[in-house]
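Below: one structure, written as structure tokens.
The values are calculated or read from the model by the stated rules, or taken from the named source; none is laboratory data. Because the structure is predicted, anything quoted here is derived from the model rather than measured. Cβ placement follows ideal geometry from the backbone for every residue including glycine, while neighbour counts extend to all protein chains displayed.
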Amino acid sequence: MTAAQIARDVIDRLESGGFAPGQRLVEADLCLRYAAGRQIIREALQHLNALGIVALEPNRGAHVVHVSREDAIMTLELTELLFGLVSRSAARRIAAGADASRLDAAIDELIQSSQSDDRALYMRARRHLFGALSQIAGNAELSRIMDQVRVHAMRAQFGFADFRKGHAQELAEIGHTVMAGDSANAEEQARKYVRSIREALQQL
């Protein structure tokens, strides 16, 4: 496996409960798990560190970050703006003739996965939906910023997958609004979705 593939698998396992916030990631254990050398594992950990998912400490190694409720709320304030912008941009491009087939397939995948007990399957489908929106939006810089927001650790810590049926329906509605080319409503629905999650966290 490549470093990128290992990093992606760690994210998948984190979001599905295979790794926990605060858990140490021992290089030797990861080498055995992924049948990879230390250099590849270190590259994967560096990538995860750049995404804010793993912290690297001298003489202590790596561990999955623990996101405080306050940090999660601030992250969601930024995510609300970004998701709204991505949804608006994607809707505008579809209205101008961009291909929406990838988004259509991602919506179907999300709804189907939300009926499953497999948390990893749902989180993967959710990621495919966001990827489809970002690709259609066509803004590479916006996609790069979205990737830097620490949503993976936050999703794992606060159990987003446990609310998959309700969240999937809301995300599907956002996707359909984007496919209709309704940029203003797409942005409003996207921001409302993230805002509701933030408000729920504030009540914890």
- Message: I'd like to check which helices (runs of 4 or more DSSP H) are fully inside the stretch 113-204 and have at least 3 residues that are more than 16 Å from the chain's Cα centre (by Cα) and modelled with pLDDT of 90 or more.
- Response: 164-179, 183-202
- Message: For the stretch 123-142, check the following and say yes or no: at least one residue is of a type in the set (Val, Ile, Thr), in contact with a Lys or Arg (Cβ under 6 Å, 6 or more places away or on another chain) and crowded, with 19+ Cβ neighbours inside 10 Å.
- Response: yes
- Item | Every pair of residues 6+ apart whose Cβ atoms lie under 9 Å, when the first sits in the stretch 36-52 and is more than 12 Å from ILE11 (Cβ to Cβ) while the second is polar (S, T, N, Q) | ALA36/THR2; ILE40/THR2; GLU43/THR2; ALA50/GLN148
- Does any residue of the stretch 52-74 turn out to be of a type in the set (D, E, K, R) and more than 25 Å from ARG24 (Cα to Cα)? no
- Among the residues of the stretch 93-143, how many are touching a residue at least 60 places away in the same chain (Cβ under 8 Å) and in contact with a Leu (Cβ under 6 Å, 6 or more places away or on another chain)? 2
- Restricting attention to the stretch 86-110, the residues that are within 15 Å of LEU171 (Cα to Cα) and surrounded by 17 or more Cβ atoms within 10 Å (Cβ to Cβ) number exactly 10
- Query: How many residues are out of contact with any helix residue (DSSP H, G or I) (no Cβ under 7 Å at 6 or more places or on another chain) and either hydrophobic (A, V, I, L, M, F, W, C) or not assigned by TED's automatic domain parsing to the domain that holds ALA95 (or both) if we restrict to the stretch 173-198?
  - Reply: 2
